[in-house]
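Q: Following this message is one structure expressed as structure tokens.
The values are calculated or read from the model by the stated rules, or taken from the named source; none is laboratory data. Predicted, not measured: the structure shown is a model, and the values here were computed from it. Ideal geometry is used to build each Cβ from the backbone, glycine not excepted, and the neighbour counts take in all protein chains shown. When the accessible area is computed, the model is the full protein with side chains, heavy atoms only, and any ligands, DNA or RNA have been set aside. Shrake-Rupley method; radii C 1.70, N 1.55, O 1.52, S 1.80 Å.
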2 protein chains.
Amino acid sequence: MYTKISESPIFKGINPGEIAHILNFIHHQIKSFESEEIIAYSGDKCDKLFILIEGSIRGEVVDYSGKVIKIEDVFAPDTFAEAFLFADDNKLLVNIVANLETKILIIYKNDLLKLFNSNNRILENYLRIVSNRFVTVTGKLKFLSLKTIKGKLAFYFMQISNKQKSKTIILDKTQQQLADYFGITRPSLARSMRELNNEGLIKASGKKIEILEMGEMKKHLRND
Amino acid sequence: MYTKISESPIFKGINPGEIAHILNFIHHQIKSFESEEIIAYSGDKCDKLFILIEGSIRGEVVDYSGKVIKIEDVFAPDTFAEAFLFADDNKLLVNIVANLETKILIIYKNDLLKLFNSNNRILENYLRIVSNRFVTVTGKLKFLSLKTIKGKLAFYFMQISNKQKSKTIILDKTQQQLADYFGITRPSLARSMRELNNEGLIKASGKKIEILEMGEMKKHLRND
């Protein structure tokens, strides 16, 4: 089991024997959950670190109309809900549900602080995980802050164009996935795509998009 | 000066004498900046903690069209850019500019880790600051993810209604501020406001909004 734990990012660089030794000195739990069992509820205080040893979990929210929306899957070996741990308002924003039979190592906040004190590596791992999570979230925020759908599309196309090093790009998402990613409805997305196409800025056919007018595209990135 | 430093959230609960003692053991700098002087550039590696002792700074970005957009002001005593510090991709996303004559205590990452080791209080303060920042950003993200403008308005009205404990609320933002906050244009915002009004869900007059149909409002929060 310590081999599996050693693969999680929080214990990166620490060997299984050392982990067994370290965990000896602090209080911790290993809990098993059945498939579809609820591990924690939205609104619960998040005062412990969850380290997935086996299986996978999902975060989901129930919206005002009662509809369940999946936010994210997390697979072993990884941690989850770790960035809220030390916040003043540390309530979970999602329900945590086991996707399948799942085993989780649970370390309470105070014991985690002891770990940080006794092992610099664990502290640095934790700081890296939280900082990386922050970078991801602010990146997404920057993206959603673009005010027009065409602006979002332009930004997205240019990102992919940079990655694929070509003005003709292959989208990595369906229209529905893109709409979800942009936080808009699918018809709104389709309309803006059509407009960019009809204005001659892109030539769209299915998942293949050719960027014809890069300069005009960039104009859509203004946030006037 | 140590009195001022002791007022910053990273040194919360530590008295000035103790701070002087602690800082004796680690490398640090105190730098002064003129009004409008650039402290750090977008794209710079963020490998140090900035603690504002005097003055104030702003984060600003230059968009693709060359327009400067202010993101945030930070006032002494506070820290800034602290959440990126331990990320793999720790590049600043904004330019940091002094708003007025400003004095900053700078502690490099490695020295900060030494501080964390020598003083648990500083570690816990730092963890709380970063977690709180994360909670703020994910809250904003959740909000921007609502797909329709009416959904955003409904969410916003209901938040204020909860806070002001009344169905008749006074908005705390102008239409332009609201549009910026929602990441949309002002005309789009005005149109959706008018529609909610004409549909009889709200009665809007200036900054005063009366919520008439709470149930119908909640329907707009669905993310179908």
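Q: What is the distance in Å between the Cα centroid of the stretch A:100-169 and that of the stretch B:1-51?
A: With the stretch A:100-169 and the stretch B:1-51 each reduced to a Cα centre, they are spaced 27 Å.
Q: Next question, about the same structure. Can you give the calculated 222 nm mean residue ellipticity of chain A, where each DSSP H run of n ≥ 4 adds -39,500 (n - 2.57) and the sum is split over every residue, rounded to the nearest 500 deg cm²/dmol?
A: Computed ellipticity for chain A at 222 nm equals -13000 deg cm²/dmol.
Q: What translational diffusion coefficient, to the nearest whole µm²/s, does the stretch A:56-210 have by Stokes-Einstein, given a Kirkwood radius computed over alpha-carbon pairs, a temperature of 37 °C and 0.692 mPa s viscosity?
A: The estimated diffusion coefficient comes to 174 µm²/s.
Q: I want to verify the translational diffusion coefficient of the stretch A:96-184 in µm²/s; compute it with Stokes-Einstein, Rh as the Kirkwood radius over Cα pairs, at 25 °C and 0.890 mPa s.
A: Answer from the Stokes-Einstein relation: 146 µm²/s.
Q: A further question on this structure: Once the label point is placed 7 Å from Cα along Cβ, list for B:Ser118 the distances to the corresponding points in the other copies, in nm, shortest first.
A: 2.4
Q: Step through the residues of the stretch A:157-169 one at a time and calculate ³J(HN,Hα) from phi using the Karplus curve (6.51 cos²θ - 1.76 cosθ + 1.60, θ = phi - 60°), rounding each to whole Hz and writing x for Gly and Pro.
A: The phi angles translate into 4, 5, 4, 5, 4, 5, 5, 8, 6, 7, 7, 9, 10 Hz.
Q: How large is the convex hull of the C-alpha atoms of the stretch A:1-122 per residue, in Å³?
A: 94
Q: Across peptide A:110-119, what mean number of C-beta atoms from other chains lies inside 10 Å of a residue's C-beta?
A: The mean count of partner-chain Cβ atoms within 10 Å per residue comes to 2.
Q: Would you kindly find the accessible area of A:Arg191, with a 1.4 Å probe and non-protein molecules such as ligands, DNA and RNA excluded, rounding to the nearest 10 Å²?
A: So the heavy atoms of A:Arg191 present about 120 Å² to solvent.
Q: Could I ask something else about it? Pick out, in residue order, every one of the GluC sites (Glu not before Pro) in the stretch A:151-224 that is DSSP loop and has at most 14 other C-beta atoms within 10 Å; say none if there are none.
A: Passing both the DSSP loop test and the Cβ count: A:Glu199, A:Glu213.
Q: Mean 1/r over all different Cα pairs, inverted: what Kirkwood radius does the stretch A:146-219 give, in Å?
A: That comes to 12.1 Å for the stretch A:146-219.
Q: From the square roots a ≥ b ≥ c of the eigenvalues of the alpha-carbon gyration tensor of the stretch B:26-89, which class results: rounded (a/c under 1.5), prolate (a/b over b/c), or oblate?
A: Taking the square roots of the gyration eigenvalues as a ≥ b ≥ c, the stretch B:26-89 is oblate.
Q: Let me ask you something else. Any idea what angle helix A:120-145 forms with the longest principal axis of chain A, computed on alpha-carbon atoms, 0 to 90 degrees, nearest 10?
A: Once rounded, one gets 20 degrees.
Q: Using only the Cα atoms of the protein assembly as shown, what do you get for the radius of gyration and for Dmax, in Å?
A: Both quantities, over Cα of the protein assembly as shown: 24.0, 68 Å.
Q: Can you give the accessible area of A:Phe75, probe radius 1.4 Å, in Å² rounded to 10?
A: 130
Q: If you place +1 on the Cβ of every Lys and Arg and -1 on the Cβ of every Asp and Glu, how big does the dipole about the Cα centre of the stretch A:2-142 come out, in debye to the nearest 20?
A: In total the dipole reaches around 400 debye.
Q: Aspartates and glutamates within cross-link reach of A:Lys70: Cα-Cα under 17 Å, excluding same-chain residues under 8 positions apart?
A: Result set, ordered by chain and number: A:Glu36, A:Glu37, A:Glu60, A:Asp180, B:Asp224.
Q: Can you give me the solvent accessible area of B:Leu127 with a 1.4 Å probe, rounded to the nearest 10 Å²?
A: Ignoring ligands and nucleic acids, B:Leu127 comes out at about 10 Å².
Q: Something else about it: A:Asp88 label points, 7 Å along Cα→Cβ, one per copy: pairwise distances from this copy to the rest in nm, shortest first?
A: Label-point distances to the other copies, shortest first: 3.3 nm.
Q: With the label 7 angstrom out along Cα to Cβ, how close does B:Glu195 come to the same site in each of the other copies, in nm, nearest first?
A: 1.4
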